[in-house]
Amino acid sequence: MKLTLIFLLTALLQVNAGSFAQQVSLTEKRVGLEQVFREIKRQTDYDIFYNLDMLQQTQPISISVRNAPVRQVLDICFRNQPLSYYIEGKTIIIRQKPAATTLTGAASRQTSVSGRVTDQAGSALPGISIRVKGSTNGSVTDAEGRFRITAATGSVLVFTSIGYQSKEVTFSGQPELNVQLEEDRQALNDVVVVGYGTQRKASVVGAVDQVRAAQIEDRPVGNVMQALQGTAPSLVIQQRSMNPNDNTMNINLRGISTFGNNSPLLVIDGIINEDVGAMNNLNPNDIESVSILKDAGSAAIYGSRSANGVILITTKKGKKGMKPTVRLSALAGSQNPEILVKPLKGYQNALLRNDSYVNSGANPIYSSEQIRQFATGDSEYFLKGILKNGFQQNHNISVQGGSDNSTYLVSLGYYDQRSNFKGPDFGLRRYNLRTNLTTDIGKLKLSAIMWYDRNDGKSFQGDNGFLIANSSRLPVYNNYVLKGENGRYYNNDVLTNGNPLMDLEQGGFIQQNNDHFQGSLNAEIEIFKGLKARGIASLDLRPENRLIRRFYHPLYNLSGDETPVNIQNSAQYSIEDYNGKSTLLNLQALLDYNRSFGKHNVYGLAAFSNESYRQRRFELRQQLVDPVLGIPTTGTIFDKTSYNTVGGTTERSIYSWFGRAGYNLADRYLFEANFRYDGSSKFARSNRWGFFPSVSLGWRLSEETFFRFWKDKLGDLKIRGSYGQLGNQAVDDYQTFTTYDIYQDQYGFNNVSLPGTGYTFGNPDLKWETNTTFNIGADATFLSGKLTASFDYFRKNTKDILLTPQTPLVLGGAVPRANLGAMVNNGWELTLNYQLRHSDFVHNFGVNLADSWNKVTRFEGDEQISKSDEIERIIRVGLPLYSYFGYKRAGLFRNADEIKESALPIGVSPSPGDVKYVDRNGDGIIDDNDRFVLGHAFPRLTFGFNYDIQWKGFDLNMLWQGVGKRDMALRGETIEPFHGGYSFVMFEHQLDYWTPGNPDAYWPRLTSPGTASTSNNYGKGSDFNIFDASYIRLKNIQVGYTLPTAMSSKAGMRKVRLFVSGQNLLTISKNTFIDPESTEFGSSMNAGGANSARNYPLLKYIGAGLDIEF
């Protein structure tokens, strides 16, 4: 904290320091003005605004100056030229020289005129330059967009500003003049953040998407990853859980390319972080832009960890010459759980459960008296009974500004999301502090970024899946009660010694406190013209703590017995205390060259970096501890799975040499090459280093004379392509060494349980995965820049994939991974953006659409089938990774004759209404040889649609997001009524079941658990378990109003905006009983089990917010 205060104090002193003179040294012979402009921009802080067509009228110049003021250099440049200039703040604006005008008589009389300048949304435009054409008389609009100027009747007023089309208005003598300016979408060349630098969008030859701050600010999301969903093509994000204390999310960029880790690399302000989830520690309001590097041309400079793409996050900073600006934002609302499954009424559930037993030849289990009792009313559904609405609030304040030679930004953020589980203050709180400071001392530029965040979470101490399962598997019988009016918790015949509400409210908690500090220092100095040296030092420090307490609480029987049914567990108090600390030291040294020679622009980068990571952790687990203090007492048992820092230490390091070389001819022909040479401690010396190069080419056809019609009538057109190799080192640490582990309670000796030793063989031949990527794309603009389009096609070929070899069970030890696999992944992406202006309305439309598909090309043994419950997944050469595998239905048996004529599973004697399967090989028996590939769970045809409209201070924004193609495999109680004797409930979506009167039903007849028919119908794993998971969702909608400047300025505020917003308000899907984002797979298509749809419920947000700017 002391270090932060020192840097903050330094920045404030620099803010008040005097500015250095803006001087230029330049010696050129017969060069174009554009080259001189580049040098002025490079040597000073000035931006230069001009039209390339205007420069065609100019003559080459010769100039030789040393430490000359900018105005002197410009005066030399424009001597005897048809152009002139004027300086507005830190911007030099180039314009045509006005024709001389002569006013006589009454027309020459000067009159004072006032007015207001607004944009097309009716918002005031401060800082607009107003000049009388042909004179030096001028003015600038104030914070409310108002101005006053003296002009003669008949003279022309010229309104100009960066980012808006200039406008000329003839003054006819009126005392009030209101002017509206249109945004100039071509006025500025957008700057795109790329690896270790920035480039003009027109010059980018890699596949790069950019998400702006406006797309993620003021949204009621819990983290940055949620905010990015649907904003960019091929950035596939699945929210597997909406639990604020868990919030499990998948993130993939351009699909699946390997068997192992498929997560993209994360870079925040130039510092690499291998955990892509670390972006969720950021305050979304601190983000300036997010660049997504997708191909080898843009990502190869990150080498061994860029095979899955790179996400570059740049945070906000101050601006030179900017007056101090204070921004406040506040959001508050409610996250409301929506339970998608609907249980039947109690009496109906009992009747149908009786039917299932009768259909199986057994006696009904509920008497008529019991059913009549159930019909008198239902109890609360247990799943609903453990949930509540969760309050969410998000507050931010920032101060931003700068002097002539320094900039500063300081921001504070607070986010609070209460859990939807009932319990003792469950939820998550996040605190953010960020400072971003820069200062120039002559040619030396210094910057310091300090970032602190803290996450305080409190959550349920058990397994959320089992908690939801125990709450959802009970019918709404009126003799099932969670909690009585007397405060007691009750059991029942299904949960016996359990009660989910008691577990939540009295069973204990998990309390996590994670601190994160990151500081980076950046120094840059110009060595000579065009060459700069940079050095970066960064430290990332993460202390974390997790405390788990589990308590006993009495559980009673509804019969009125005063003795708790769980009295035998009255001493079961336990504690688990985990502490860890990790550090990541990042050092970088870079040489950056950029120089133009006439129409030729040459740039390059040469650099070295080192990243050293260390983690130390320990955990103490104890049972039978003191009920209140959690400390050891008589009879306390120390859990043998506890460990100390010796067993919880991890260290690794990576050294890297990397670089870039580029050439640009007249902004028409573009070339770039990147490389990275990485050495990782994860591999043995012989395979430690890997070389990852790429080459990219671009051609701006619209700059060709034979394609001039496109530029004149439509806009810009660029074709680009890249080819290169990327790496993946996603392998566990120490895999090249043979490692040993101690396993407790492995055998007994002399009536004592003793530990044993296990080992994992090392593989010294382990090496990098290599991903060869080809990309070809095109960027185009139409309608004078109002419509932009971008298209890409890619192919990724991954070899030497790290896999665990197949070994005999009698080996006696585990084996390490080896380079045994290969895959190919293809896809395409399309992005369209359009802006429409009419009357007082401004519309913006954005669409992104993408698809990818993969297949395995090499796998040891060619095939592997894994099974979780009845759901099977297959790895097979020629198929997508982990495809669903199983039987296909041929409908439901209608009668006994059909059964006699059909192929049947061995040992099954089905009845009408049972499932009939396809005999694939025609041998008359349904067995493993009759299985098919049934589908694939990875989202395809992903899309996002953004629309916003502005009108006279009002604004509306909505984001739709969805998936066009995905298969979802489900099992358990959501599929099978009265599932496996474990669940005793049936849901409304299961009512279309077979009966003689409903032979065309979707679901088979009702049968009791454990019977051959039930096993045949629900236990075989077939397309009966596969559901269409395509969907479209209204991810976010927001309606706002910005108060008129005249009103807000009276209160001393520059801007006030009020808004209401909603999240996840509408989902369109073929299956309404489950969230279509539900999946058992992680980002790497890894699954720990099957999907039983026991998800944290879908949350719908309703809230409001306020933005204030001073």
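Binned at 10 Å from 0, what are the whole-percent values of the Cα-Cα distance distribution for the range 105-180, short to long?
The distribution over the range 105-180 is 20, 56, 21, 3, given as percents.
Rounded, prolate or oblate: pick one for the range 964-1006, where a ≥ b ≥ c are the square roots of the eigenvalues of its C-alpha gyration tensor, a/c under 1.5 means rounded, and failing that, prolate if a/b is larger than b/c, else oblate.
Working: a/c = 2.52, a/b = 1.14, b/c = 2.20.
Oblate, because a/c is 1.5 or more while a/b does not exceed b/c.
With a 10 Å Cβ neighbour count serving as the proxy for reagent exposure, in which order, fewest first, do D733, D678 appear?
By the 10 Å Cβ count, ascending, the order reads D733, D678.
Convex hull over the Cα atoms of the range 484-639, averaged projected area in nm²?
On the way: hull surface 70.6 nm².
Directional mean of the projected Cα hull area for the range 484-639 stands at 17.6 nm².
Test of understanding: what is the full-extension gain from K1070 to A571, defined as 0.36 nm times their sequence separation minus their Cα-Cα distance? The partial results should precede the final answer.
Details: separation 499, 0.36 × 499 = 179.64 nm, distance 4.94 nm.
The K1070-A571 span can extend by a further 174.7 nm.
Given the C-alpha centroids of the range 627-680 and the range 1036-1110, what is the distance between them in whole angstrom?
Spelled out, the Cα-based centre of one part sits 32 Å from the other.
What is the ratio of the Cα radius of gyration of the range 742-888 to 2.2 N^0.38 Å, where N is its residue count, to two decimals?
Numbers: Rg = 25.8 Å, N = 147, 2.2 N^0.38 = 14.7 Å.
Dividing the Cα Rg of the range 742-888 by 2.2 N^0.38 Å gives 1.76.
K483 to V646: FRET efficiency via 1/(1 + (r/R0)^6), r the Cβ-Cβ distance, R0 56 Å, to the nearest 0.05? Mind showing how you got there, number by number?
On the way: r = 46 Å, r/R0 = 0.82.
So the FRET efficiency works out to roughly 0.75.
If you rank V908, V341 by fewest surrounding Cβ atoms within 10 Å, what's the result? If you can, show how the numbers build up before the last one.
Numbers: V908 14, V341 19.
Taking fewest neighbouring Cβ atoms as first place, the list is V908, V341.
Determine ³J(HN,Hα), in whole Hz, for all residues of the range 981-988 in sequence, where each value follows from phi through the Karplus function 6.51 cos²θ - 1.76 cosθ + 1.60 and θ = phi - 60°; x replaces Gly and Pro.
x, 9, 9, 10, 10, 10, 10, 4
For the range 888-930, take the convex hull of the Cα atoms, compute a quarter of its surface area, and give me that in nm², please. Mind dumping the intermediate values first?
On the way: hull surface 10.8 nm².
Mean projected area of the Cα convex hull: 2.7 nm².
Does anything in the range 710-748 have its amide N under 17 Å from the 7 Å Cα→Cβ label point of N1086, and if so which residues?
So the set is 728-736.
Over the range 888-930, what is the relative contact order in percent, taking alpha-carbon pairs closer than 8 angstrom and at least six residues apart?
Numbers: 63 pairs, mean separation 18.7, N = 43.
Over the range 888-930, the number comes to 44 percent.
How big is the Kirkwood radius of the chain, worked out from every pair of different alpha carbons and given in Å to one decimal? Show your work: numbers first, answer last.
Working: mean 1/r = 0.0298 Å⁻¹.
By the Kirkwood definition, the hydrodynamic radius is 33.6 Å.
If we count other beta carbons within 10 Å of each Cβ, what is the order of V193, V70, fewest first?
Going from least to most buried by this count: V70, V193.
Considering just Cα atoms, how many Å³ per residue does the convex hull of the range 22-96 enclose?
Cα convex hull per residue, to the nearest whole number: 75 Å³.
With a ≥ b ≥ c taken as the square roots of the eigenvalues of the C-alpha gyration tensor of the range 213-315, please select rounded if a/c is under 1.5 and otherwise prolate if a/b is larger than b/c or oblate if it is not? Mind dumping the intermediate values first?
Working: a/c = 1.75, a/b = 1.28, b/c = 1.37.
Oblate, since a/c reaches 1.5 and b/c is not below a/b.
Quick check for you: which residues of the range 621-652 have the amide N under 12 Å from the point 7 Å beyond the Cα of I742 toward its beta carbon?
Within reach of a label on I742, which here means backbone N under 12 Å from a point 7 Å along Cα→Cβ, the range 621-652 contributes 640-648.
Give the distance, in whole Å, between the Cα centre of the range 721-773 and the Cα centre of the range 888-925.
47
Just so you know, all these numbers are worked out from the coordinates, no wet-lab data involved. Keep in mind that this is a model prediction, so the values were computed, not measured. When we count neighbours, we look across all protein chains shown, and the Cβ atoms used for this are built from the backbone with ideal geometry, even at glycine.
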